[in-house]
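Comments concern the structure below.
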Amino acid sequence: MRYQITGKQIDIGEALQAHVEGELGAIVEKYAERPTDANIVFSRSAHEYVCEATVHLSTGLTASAKAHATEVYAAFDSCGEKMEKQLRRYKRRLKNHHRERTEPVELSGASSYVLASTSNEAEPEPEALTPVIVAEMETKIPALTVGEAVMQMELAGAPVLVFRNEKSHVNVVYRRDDGNVGWIEPQQ
């Protein structure tokens, strides 16, 4: 597994890097068969350290966790506990509900855009309704069942997930304001 351990405006020493690789490696090895890479970012928020970890699995699923504490090692340990809990739940769900998937998730390419917001209500409406593109990135759209898509969305802690179902139509699952999960499937 490839590790990318970075710090935002803080120095990450070799001892912390070795601790992260050892602990996270043990957690991921216990619950995931073929992890591909892990990104761990440490930062400061006032008097606390923040640790954000993202692990990509070869099945196409992504698990992420975030924690904060007054010490950097405690922040990572808390983040590791959250990651372990997510991976344990993921593995349990795979054993219970998704035994039929034998191949890794198929991914197809897509473009992702970030549009500039115009949150100032005092501004008059622009004459042209073409938004300003702030960023353009490549992204992947996984081929999943609806259950796998909901599981992936929950693992990533994302509010929405775009995926392709078995019929190769683009579908969307999202977290509703009432706490339930919504599913958008286009008609043929």
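Scan the stretch 4-18 for residues that are of a type outside the set (S, T, N, Q) and either under 18 Å from K66 (Cβ atoms) or touching a strand residue (DSSP E or B) at 6+ places or on another chain (Cβ under 7 Å) (or both) and report the count.
Step one: list which residues in the stretch 4-18 are of a type outside the set (S, T, N, Q), which gives 5, 7-8, 10-16, 18.
With the extra rule that they be either under 18 Å from K66 (Cβ atoms) or touching a strand residue (DSSP E or B) at 6+ places or on another chain (Cβ under 7 Å) (or both), the set shrinks to 5, 7-8, 10, 12, 16.
Final tally of qualifying residues: 6.
Do we have any residue at all in the stretch 80-103 that's modelled with pLDDT of 90 or more, touching a Cys at 6+ places or on another chain (Cβ under 8 Å) and surrounded by fewer than 18 Cβ atoms within 10 Å (Cβ to Cβ)?
Within the stretch 80-103 (the criterion being modelled with pLDDT of 90 or more, touching a Cys at 6+ places or on another chain (Cβ under 8 Å) and surrounded by fewer than 18 Cβ atoms within 10 Å (Cβ to Cβ)), the answer is no, since none of the residues qualifies.
Can you tell me how many residues in the stretch 1-19 are under 19 Å from the mean Cα position of the chain (by Cα), at pLDDT 90 or above and aliphatic (A, V, I, L, M)?
1
Across the stretch 29-74, which residue is surrounded by the fewest Cβ atoms within 10 Å (Cβ to Cβ) among those that are in contact (Cβ under 8 Å) with a residue 40 or more places away in the chain and under 15 Å from I10 (Cβ atoms)?
Per the criteria, the residue is Y73.
Determine if the stretch 170-185 includes at least one residue that is at pLDDT 85 or above, surrounded by 10 or more Cβ atoms within 10 Å (Cβ to Cβ) and in a loop (DSSP other than H, G, I, E, B). Outline the logic, then answer.
Initial filter on the stretch 170-185 (at pLDDT 85 or above): 170-178, 180-185.
The next check asks that each one be surrounded by 10 or more Cβ atoms within 10 Å (Cβ to Cβ); those that pass are 170-175, 181-185.
Within this subset, residues satisfying the condition of being in a loop (DSSP other than H, G, I, E, B) are 185.
Checked the stretch 170-185: at least one residue is at pLDDT 85 or above, surrounded by 10 or more Cβ atoms within 10 Å (Cβ to Cβ) and in a loop (DSSP other than H, G, I, E, B).
Being among the acidic types (D, E), surrounded by 15 or more Cβ atoms within 10 Å (Cβ to Cβ) and free of Cβ contacts under 8 Å to residues at least 60 places away in the same chain narrows it down to one residue among D11, D77; which is it?
On the way: D11 fails: surrounded by 15 or more Cβ atoms within 10 Å (Cβ to Cβ).
That would be D77, the only listed residue that is among the acidic types (D, E), surrounded by 15 or more Cβ atoms within 10 Å (Cβ to Cβ) and free of Cβ contacts under 8 Å to residues at least 60 places away in the same chain.
Please find, among V72, V41, the residue that is closer than 30 Å to V150 by Cα, at pLDDT 90 or above and in contact with a strand residue (DSSP E or B) (Cβ under 8 Å, 6 or more places away or on another chain).
Working: V72 fails: closer than 30 Å to V150 by Cα.
Going through V72, V41 in turn, just one is closer than 30 Å to V150 by Cα, at pLDDT 90 or above and in contact with a strand residue (DSSP E or B) (Cβ under 8 Å, 6 or more places away or on another chain): V41.
If I ask for residues that are out of contact with any strand residue (DSSP E or B) (no Cβ under 7 Å at 6 or more places or on another chain) and at pLDDT 65 or above, which ones from the stretch 104-117 would you list?
Taking the stretch 104-117 first, the residues out of contact with any strand residue (DSSP E or B) (no Cβ under 7 Å at 6 or more places or on another chain) are 104, 117.
Listed by number, the list holds a single entry, S117.
The values are calculated or read from the model by the stated rules, or taken from the named source; none is laboratory data. This structure is a prediction, so every number in the text was calculated from the model and none was measured. Methodologically, a virtual Cβ is constructed for each residue, glycine included, from the backbone with ideal geometry; neighbour enumeration extends over all protein chains shown.
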